[in-house]
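Notes follow the structure.
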Amino acid sequence: MTAYLLKRLLIGAATLVVASLVVFLMLEVVPGDPARLMLGMSASDAQVELLRDQMGLNQPLIVRYLDWARGLLSLDFGKSYTYSVPVIDLIRERLVVSLPLALIALALSTLIAIPVGLFAAARRGKAADTAAMAVAQVGVAMPNFWFALLLVYVFAVWLRLVPAGGFPGWGNGVWPALKALILPAFALALPQAAILSRVTRAALIEVLGEDYIRTARAKGMPQRAVLWRHALRNAMIPVLTIMGLQFAFLLAGTIIIENVFYLPGLGRLIFQAITQRDLIVVESVVMLLVATVIVVNLLVDLSYALVDPRLRTRQ
Amino acid sequence: MSDAMPQKPETLAELIGRALANRSFVIGLAITLLIAAMALVSFFWTPYDVTRLIVADRMQPPSWKHWFGTDHFGRDVLSMIMIGARNSIAVAFVAVGIGMGVGVPLGCWAAARGGWIDEMLMRFNDLVFAFPALLSAVMITAVFGPSAINAIIAIGIFNVPVFARVARAGALSIWPREYILAARAAGKGPSRITLEHVLPNIANLLLVQGTIQFALGILAEAGLSYVGLGTQPPMASWGRMLFDAQTLMMVAPWLALFPGCAILLAVLGLNLLGDGIADIFDPRTRRRA
Amino acid sequence: MKQWKTILTAAAIALASSTAAFAARTDLVLGMPLEPPHLDPTAGAAAAIDEVLYANVFEGLTRIGSRGEVLPDLAESWTISDDGKTYTFKLRSGVKFHDGSDFNADDVKFSLDRARGENSVNAQKGLFAPIDTVEVVDPTTVKVTLKNPLGSFLYNLGWGDAVIVAPESAETNKEKPIGTGPFKFQNWAKGSAITLVKADGYWGDPIGLDKAEFRIIPDAAAAIPALLSGDVQALPNFALGDALAQVRADPRFKVVIGTTEGETVLSTNNKKPPFDNLKVRQAIAHAIDRKALIDGATGGLGTPIGSHFAPHNPAYVDLTGTYPYDVAKAKELLREAGHPDGFKATLKLPPVGYARQGGEIIASQMREIGIDLQIIPVEWAEWLKQVFKDKDYDLSIVSHTEPNDIDIYARKDYYFNYDNPAFNKVIDELNLTSDEAKRTELYKQAQKILADDAVNGFLFELPKVGIWDAKVEGLWENSPIQANDLTKVKWTD
């Protein structure tokens, strides 16, 4: 187990190094100059050069990469070109939006998907199963930004129950902040829930076909107990895998939903930073997300061992 | 797939019969064919010419003249949906092609060789998977400029590891089979075995994955175009239409309704088709049937 | 379901009205599409900086009023020497910066010297180039000497880039702006909102708001629900396009269409073939249907222009008839120019609604005469690099929002690549002329030359679409400069 963990960590670290190179080099070739953008059409070339010097943009490529990479190791991501504040502060400001949003969406998705999956698996082949899975198919096919638009018009414009977008900040109370996150979380969660419920159902059906379940049933264990006590636990591995993937997706893939609700999250930060050519921000946020994906995947693998004791001894 | 393969090959007629009895497959195929037909027809004919903007006719609600109404430039929405179908299919098709064309050989190669080649491939897969796909697509289009072609490339790149993984897993399960051992004994090399024995036996897996990625490709194209990074005007795109429509939800709701439904329908059709194909080829369901 | 909705709406109304029952409101949330990169108007070109801070947090020696007039601000009066070179400003006394320090002549000297100094990153450094010396006479008197007389000097001092900052806070203004205005900076939640609150001990007239929040709303799609749901009470300058109709029908809101200084042009690379051929440019001009363009790109609100000049300016001449919309004529001209079958070219469009939507319409109109335009959307950073700096473009659409900027056509190496000695002569003469009647005459000549040369496709004057709660008053109707002056804004009930 330790050797396995060590190997995984090493591979993760190597992936990060390669990723940092890819990201850095890719963004080097983005056309446009943050200094010129800042100063606009009236400024002279000499002034733009001066600002580039101040921003540290005129140093050689390799020096800038090493500076940045060294900073990453100590969680010092450098200073934003446009905002001229430490990048880490920007990330922290955005994480308090993106992280709760991803967690709420994941929780919603799980709370919807697992019961639906159980329900459908228990009534496999019956009308209720078919209906539930038909709805799930539609949910999978629904573009989440379109769903988000519909939600805004029903719940914000028509019913006026929640704000149409924006984020008041946690400083103004927990409830207003949560209210601002409900619709985007729901828009994100529905397609994910549809996928997860299908996976849950399939995994359960797989498990229900196995011998020990048949034995439990033959012994007269009630259906509900079979489902909850044995089947669900053993069906958790594929479910957890998907949930891990979904969490990583939710953290990074909210760009479009953040646009619909103009939430100041990580996705919008990247979007904005790309258009403003604030490359150091883009690079750092992307690295953060890549690292998150790697860590989440590792945690998912480890959680297999917790769910299924058989795997604990294998490696 | 474990035991059924080489024993008693069923006839094509039997296969078709089984396929037609599968509800997912039939519905999925019908929807997919409808969308494909729409796209095909759009090459020869659309109700109106969408490259000519007739601003005076703008934002007309659905009527007999314009079934789906007109947009903010006076273009016929039905015509745009038809051309949008062509665009979505083209983007998703090429993206899947890139993914298959690169990923499948890589996966088969890794399975045939094993060892460090296999290890490298899997690490490369991990690397690509570690990049959030949508985010990377946004970066790629920022670097190379927003266009349909760059959207295709961005989506295609992320299809590569998917197909590599599926092909590798499928191939690994084929290699220990007896008929492969026989082929090796007959002196066939790994590439010939892959071509003659492995690929035909994992084709159904790849087909299923292909429909799934096709559907995801349509969603991805719509998403990228919706944020302005995908298909550019004057080419019509469903995502782009939604982008244009979103400010007009109260004034002209049909502008947001029809493209959204088109995306939903296309993705739904493909997913059902994929499920159907998977069911048809799944030996367990076959035994049951 | 229906009943539910009624109950819920009733509850929402009850909640909303219970808080509004007291005295008039003193807070306002304004929506703006772009976030400022930082909060120092003297160190950046972004209009969003001025839109938050100008006249609210920072003040200059002079200021620009709602009709574009020059008004005294931190300088309560001034005298100009007979040769027009020396300006002596009498400063207001008793003015304090928000950090409590006193405002005096040293701050003025510091600010002007900083803006024109060697290490200046002021985006409008050129405005300060005519200054020769700045002297402190006494704490409330400053003498500024110019190299040459300059009629627009007092106007230039009213720009956001010329506001007065204190030496102690100049370096930190980007994050924590310290000015002398009626509002002081409170908080900036990046990506989300900037909050200003009433400053204590303001020298001028008392203001009607205690708190103003500028909320960043990136696009019209998000702005409309925000407005309709009451989250935002004013969108002082927001291009809503066709969606405006639904707000217009709503009596809760006031829609005010005003003017801007933005001449929107189809920028043309005048040195690049085939656009170096006058006949090609004339053909393009004849092929543009301004009516359809204005309807499609601005919801019918823009004013057509025939040259590079604002229609509300007294010196404006209507030249929209120089090359009227005439497809046959346009084709004929293309044939004469040696392009009977048209040609291919590119159209680079910056990320603003009027350009992206206008671009689609222009491309469609050009297709009618055989010119096949490939649309290339670019971000501002790319636009500045490729189009503006490297002049690597055929056509582009952009609004030139600086006031009275017809002289850009006389600038060497400007991105239009236009070079006409006759035009340059008119501008040179204009710079030396102070007689108003004569200046008007010269302006008219300049407009005519540009129109005849079809330098660019002259499209329309950008409208300022302001929408705010019907109970709010005092917001600017027009946009003579990019600002949201809140000093006169108040709620009426």
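What follows draws every value from the coordinates through simple rules; no lab data is involved. Computed from a predicted structure; not experimentally measured. When we count neighbours, we look across all protein chains shown, and the Cβ atoms used for this are built from the backbone with ideal geometry, even at glycine.
Over chain C, consider all pairs of different Cα atoms and compute the Kirkwood hydrodynamic radius from their mean reciprocal separation; express it in Å, one decimal.
24.5 Å
What is the fewest-to-most order of B:TRP238, C:TRP476 by other Cβ atoms lying within 10 Å of their Cβ?
Final ranking by Cβ density, sparse to dense: C:TRP476, B:TRP238.
So what's the convex hull volume per residue for the Cα atoms of region C:415-459, in Å³?
For region C:415-459, the hull spanned by Cα atoms encloses 82 Å³ per residue.
Please say if chain A is rounded, prolate or oblate, where rounded means a/c under 1.5 for a ≥ b ≥ c the square roots of the C-alpha gyration tensor eigenvalues, and otherwise the choice is prolate for a/b larger than b/c and oblate otherwise?
It comes out oblate by the Cα gyration axes.
Counting only residues 5 or more places away or on other chains, whose amide H sits under 5 Å from the amide H of C:ALA193 once H atoms are built in the peptide plane?
Here C:ILE216 satisfy the definition.
Percent relative contact order of chain C, based on C-alpha pairs within less than 8 angstrom and at least six residues apart?
RCO, chain C: 20 percent.
Do the alpha carbons of any pairs in C:LYS109/C:LYS184; C:LYS174/C:LYS391; C:LYS438/C:LYS488; C:LYS254/C:LYS488 sit beyond 26 Å of each other, and which pairs?
Where the Cα-Cα span goes over 26 Å, the pairs concerned are C:LYS174/C:LYS391; C:LYS438/C:LYS488.
Which whole-angstrom value gives the distance between the alpha carbon centres of region A:227-288 and region C:51-69?
Region A:227-288 and region C:51-69 have Cα centres separated by 43 Å.
Using the structure shown, select from C:LYS85/C:LYS448; C:LYS271/C:LYS385; C:LYS271/C:LYS331; C:LYS125/C:LYS412; A:LYS179/C:LYS190 the pairs with a Cα to Cα distance greater than 25 angstrom.
As for pairs spanning more than 25 Å Cα to Cα, those are C:LYS85/C:LYS448.
Mind checking which aspartates and glutamates have their C-alpha under 20 Å from B:LYS65, skipping anything on the same chain fewer than 8 residues away?
B:ASP49, B:ASP57, B:ASP76
In whole angstrom, how far apart do the alpha carbon centroids of region C:170-198 and region C:359-391 sit?
Going from one Cα centre to the other spans 37 Å.
With θ set to phi - 60°, apply the Karplus curve 6.51 cos²θ - 1.76 cosθ + 1.60 along region A:48-60 and write out the HN-Hα couplings as whole Hz, x wherever there is a Gly or Pro.
So the J values, rounded to whole Hz, are 5, 4, 4, 5, 4, 4, 4, 7, x, 7, 8, 6, x.
Based on DSSP, what percent of beta bridges with both residues in the protein assembly as shown are antiparallel, to the nearest 5?
For the protein assembly as shown, the DSSP antiparallel bridge percentage is about 75.
How large is the direction-averaged shadow of the alpha-carbon convex hull of region B:177-252, in nm²?
7.9 nm²
Sort C:SER101, B:SER42 by Cβ crowding within 10 Å, fewest neighbours at the top.
Lowest to highest Cβ neighbour count: C:SER101, B:SER42.
Just want the ordering: C:GLU261, C:GLU69, from fewest to most Cβ atoms lying within 10 Å of their own Cβ.
C:GLU69, C:GLU261
FRET efficiency for A:LEU73 and A:VAL22, Cβ-Cβ distance as r, R0 = 22 Å, nearest 0.05?
0.80
Using a Förster radius of 45 Å, what is the FRET efficiency between B:ALA37 and C:ARG67 based on their Cβ-Cβ separation? Nearest 0.05, please.
That pair, B:ALA37 with C:ARG67, gives E of 0.15.
In Å and whole numbers, how far do the C-alpha atoms of region C:169-215 stretch along each principal axis, longest first?
Each principal axis gives a Cα extent; for region C:169-215 these are 32, 25, 10 Å.
Near the amide H of C:LEU91, under 5 Å away, which other amide H atoms are found, from residues 5 or more places off or on another chain, if H is placed in the peptide plane?
C:GLU76, C:THR141, C:VAL142
Go from 0 up to the bin containing the longest alpha carbon distance in region C:283-439, width 5 Å each, and give me the % of pairs per bin.
In order of increasing distance, the bins hold 2, 8, 14, 17, 21, 18, 12, 6, 2, 0 percent.
Taking region B:111-239, how much of its Cα-Cα pair set, in percent, is spaced more than 23 angstrom apart?
That fraction is 47 percent.
Excluding same-chain residues fewer than 8 positions from C:LYS444, which aspartates and glutamates have a Cα within less than 14 Å of its Cα?
C:ASP318, C:ASP405, C:ASP407, C:GLU429, C:GLU436, C:ASP452
How many nm separate the modelled label positions at A:GLN54 and C:ARG335, each set 7 Å beyond the Cα in the direction of the Cβ?
Taking the simple label geometry, A:GLN54 and C:ARG335 are separated by 5.9 nm.
Classify region A:66-143: rounded, prolate or oblate, from the alpha-carbon gyration tensor (a ≥ b ≥ c, eigenvalue square roots; a/c under 1.5 rounded; otherwise prolate if a/b is larger than b/c)?
prolate
Quick check: from the Cα gyration tensor, does region C:368-493 come out rounded (a/c under 1.5), prolate or oblate?
It is oblate, given that a/c is not under 1.5 and a/b is not larger than b/c.
Give the angle, between 0 and 90 degrees and rounded to the nearest 10, that separates the Cα long axis of helix B:77-113 from the longest principal axis of the Cα atoms of chain B.
20 degrees
Averaged over every viewing direction, what's the projected area of the C-alpha convex hull for chain B? Give it in nm², one decimal, please.
For chain B, averaging the hull's shadow over all directions gives 18.1 nm².
Over the Cα atoms of region B:138-185, each weighted equally, I'd like the Debye log10 I(q)/I(0) at q = 0.18 Å⁻¹, rounded to two decimals.
-0.64
Go from 0 up to the bin containing the longest alpha carbon distance in the protein assembly as shown, width 20 Å each, and give me the % of pairs per bin.
11, 39, 34, 13, 3, 0
Mean residue ellipticity at 222 nm from the helices of the protein assembly as shown, using -39,500 (n - 2.57) per DSSP H segment of n ≥ 4 over the full residue count, to the nearest 500 deg cm²/dmol?
One gets -17000 deg cm²/dmol as the mean residue ellipticity at 222 nm.
Please list, ordered by chain and number, the residues whose modelled amide H lies under 5 Å from the amide H of B:GLN232; skip anything fewer than 5 residues away on the same chain.
So B:GLN232 has HN proximity to B:ALA148.
Please check: in the Gaussian network model of chain B (C-alpha springs, under 10 Å), which one of B:ALA222, B:ALA167, B:ALA21 has the largest mean-square fluctuation.
Answer for the Gaussian network model of chain B: B:ALA21.
Using r as the Cβ-Cβ distance of A:ALA202 and C:ASP113, and R0 as 56 Å, what FRET efficiency do you calculate, to the nearest 0.05?
0.15
After finding the eigenvalues of the alpha carbon gyration tensor for region A:1-141, what semi-axes result from the square roots of 5 times each, listed largest first in whole Å?
Gyration-tensor ellipsoid for region A:1-141: 47, 23, 15 Å.
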